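Each remark here refers to the structure printed beneath this line.
The values are calculated or read from the model by the stated rules, or taken from the named source; none is laboratory data. Since the structure is predicted, the reported quantities are computational estimates derived from the model, not experimental observations. Glycine also receives a Cβ, built like all others from the backbone with ideal geometry; neighbour counts cover every protein chain displayed. Heads up: the accessible areas ignore ligands, DNA and RNA and are worked out on the full protein's heavy atoms, side chains in. Shrake-Rupley method; radii C 1.70, N 1.55, O 1.52, S 1.80 Å.
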Amino acid sequence: MVARVIPVDLFDLVIFGATGDLAQRKILPGLYRRWKEGQIPEGSTIIGAARSDVTLDEFLSTTKSALQKYLPAKELDSDKVAGFLAMLDYVPIDARGTDGWQELAARMRTDKVRAFYFSVAPALFGDLAQRLHDHAIAHRQSRIVVEKPFGHDLASARALNATLAAYFHEDQIYRIDHYLGKETVQNLMAVRFANILFEPLWNAQYVDHVQITVAETVGVEGRGEYYDHSGAMRDMVQNHLMQLLCLIAMEPPHHFDPDAMRDEKLKVIRALDPVSAADVVRGQYRGTDGDDYLAESGNPDSRTESFVALKLHVSNWRWKGTPFYLRTGKRLKSRVSEIAVIFKEPPHSIFGAENPWRENVLVIRLQPDEGMDLRVMIKEPGPGGMRLKDVALDMSFAEALGDDLDIPDAYERLIMDVIRGNQTLFMRGDEVEAAWAWVDPVIAVWQARGDTPEPYEPGSTGPEGALMLLHKDGRRWREVR
Ligand code: NAP
């Protein structure tokens, strides 16, 4: 099956931080793929900007190497690569300086759709917003894309929102959370809101509990110093896991439009009960030969968590009594992101004790293999009488829709949404603040107590305490495979 590609309008996109890791690894390769698929119209301009005083040729050569490094060889058609590079431009600019802004203004070709991607350290977001405004490079129709982290706590997120609001309207600000750009996440909305099948069961009466797992095999590696000031709660839970939770728990919006969606997500965050200390488990991977959080973070006294597991309650009519268990961590056994909705036991079994009940589970897999499966009980085939077995009705998107289906990477999709002016998959300012308002007191408790995270072995499934968090409720985590 060939994915339908709807071209966007002609645009100018400026990538601040174009020589950095994110731009070279994700943003520019993603834009190349959209260009190759015919989604980017001829005449659009992509302007790289950073402090480095490199020539355009040097920037093009670095970008070409990045395409070769980060995309499979079969994607690199030499004519298409040449066409893509011809769209690129480069202007040296220091976000805090005064030079280069007039030059940038002169290189812009359209005043219709202008987008500015802030792929730089968050400390520079305010400087960029101010200079784009003061030099009249951004107009009322222009958009800015802001990377994570959006603040370090509620106070800093509020301050950043206020700074950006001084120069841009809320409908111009695209706060990116790339989890929302994943195909499966959008499919979750389709499954929930385009089918009658699940909605009647989607509540505390039928859902026993929900598990959200985002497990990484990598450690903090080169990001140790940054990560040590953040930790799993700020780096992953406040944004990615919270967003996934919202999509599972939200009420159907009246329409699939940005504010209707985000209003419903906000209600979920506001309905979260404060989490009790007994319902939070923090861990830190501790190993030998440098495979150790303290060694990688360069802080031998660090109390930062590289793993966190939590039990949450959404206090509303739909979910009262259904716990949501979240866990995320680094240096775990496998790289898995999934949401599992575990349904309750049928009220009465007619098949006897020899056929123990196994729960129905809907699993939404975000990685590694995007898809969904629904575990159901069936009769074991053959003449052995009525023996039941649980099997997966499995849908891998790649298999179901064809291996050559071109599923865009999350960044590709989100950048095209920015160009189209569609904010549905971006976080609104009040949503981000509400998430921090919920997270801050949780962090404050363990900081006040000086809690030390529980050690876990690199390559394991996390600390013992995380298992106990579910065991004490008579439940168990799904296996991280
Ligand atoms: P990076 O590799 O350190 O790149 C930073 C970029 O910013 C470079 O191009 C750098 O080039 C430019 N820069 C630094 N100071 C500047 C200034 N004063 N004025 C203009 N440009 C400046 O960082 P990154 O990993 O790409 O991350 C960029 C942003 O994305 C950060 O907010 C990060 O938190 C976020 N993010 C990154 C990832 C990822 O996977 N990398 C994932 C999620 C979020 P010069 O030194 O030449 O100026």
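The Stokes-Einstein estimate for the chain, based on a Kirkwood radius over Cα pairs and taken at 20 °C with 1.002 mPa s viscosity, is a diffusion coefficient of 89 µm²/s.
When the alpha-carbon atoms of region 11-60 are used, the pair Rg, Dmax equals 11.2, 32 angstrom. Between 0 and 90 degrees, the angle of helix 56-70 with respect to the longest Cα principal axis of the chain falls at about 20 degrees. Pairs over the 21 Å Cα-Cα cut-off, from the set Lys64/Lys182; Lys26/Lys74; Lys148/Lys320; Lys267/Lys344: Lys64/Lys182; Lys148/Lys320; Lys267/Lys344.
Which length gain, in nm to one decimal place, applies between Asp99 and Asp390 when the Cα-Cα distance is subtracted from 0.36 nm times their residue separation?
98.2 nm
Placing Ser52, Ser230 in order of accessible area, with the largest value first and a 1.4 Å probe, yields Ser52, Ser230. Rolling a 1.4 Å probe over the protein heavy atoms of the chain, with every protein chain left in place, gives an accessible area that is 52 percent carbon and sulfur. Using only Cα atoms, locate the centre of region 270-297 and the centre of region 339-381, then give the distance between them in Å, rounded to an integer. After rounding, the separation between the Cα centres reads 30 Å. Here's how it looks for Val14: its modeled amide H is under 5 Å from those of Ile47, Ala115, Phe116, Tyr117, which are all 5 or more places away or on a different chain.
Which whole number in µm²/s is D for region 96-231 by Stokes-Einstein, with the Kirkwood Rh taken over Cα pairs at 20 °C and 1.002 mPa s? If you can, show how the numbers build up before the last one.
Details: Rh = 18.6 Å.
Using the Kirkwood radius from Cα pairs, D works out to 115 µm²/s.
Normalise the Debye intensity by I(0) for region 330-397, one equal point scatterer per Cα, no solvent, then take log10 at q = 0.11, 0.13, 0.28 Å⁻¹ and round to two decimals. Summing over Cα pairs of region 330-397 leads to -0.37, -0.50, -1.21.
As a test, work out the antiparallel percent of DSSP beta bridges whose residues both lie in the chain, rounded to the nearest 5. Spell out each step's value before the answer.
Values: 41 of 73 bridges.
Among the beta bridges of the chain, antiparallel pairing accounts for roughly 55 percent.
For region 165-297, the direction-averaged projected area of the alpha-carbon convex hull comes to 11.7 nm². Label-to-label distance for Arg318 and Ile378 is 3.1 nm, based on points extended 7 Å past Cα in the beta-carbon direction. Extension gain, His135 to Asn355: 0.36 nm times the residue separation minus the Cα-Cα distance gives 72.0 nm.
As an equivalent ellipsoid, region 175-233 spans semi-axes of 33, 16, 10 angstrom, where each value is the square root of five times an eigenvalue of the C-alpha gyration tensor, largest first. Once backbone amide H atoms are built at 1.01 Å from N, Tyr90 has Gly48 as its partners under 5 Å, excluding neighbours fewer than 5 places away on the same chain. Each principal axis of region 70-175 carries a Cα extent, and these read 48, 32, 25 Å when sorted largest first. Paramagnetic label reach from Asp451 (point 7 Å along Cα→Cβ; backbone nitrogen cut-off under 15 Å): within region 266-309, residues 274-284, 303-309. The C-alpha atoms of the chain define a longest principal axis, and helix 125-134 lies at about 40 degrees to it.
Axis of helix 154-165 versus longest Cα principal axis of the chain: the two differ by about 40°, to the nearest ten degrees.
Where only DSSP H runs of four or more residues are counted, the chain gives -9000 deg cm²/dmol as its mean residue ellipticity at 222 nm, each run worth -39500 (n - 2.57).
Leaving ligands, DNA and RNA out of it, work out the accessible area of Lys320 with a 1.4 Å probe and give it in Å² to the nearest 10. Number for this one is 130 Å².
Across 10 Å bins from the origin, how do the percents of Cα pairs in region 4-159 run, short distances first? Going from the shortest bin to the longest, the percentages are 10, 40, 35, 13, 1. Amide hydrogen proximity for Gly287: with H placed 1.01 Å from N in the peptide plane, the residues at 5 or more positions away or on another chain lying under 5 Å are Asp292, Tyr293. Grouping the Cα pair distances of region 353-481 into 10 Å bins from zero gives a pair-distance distribution of 9, 18, 28, 27, 14, 4, 0 percent in increasing distance order.
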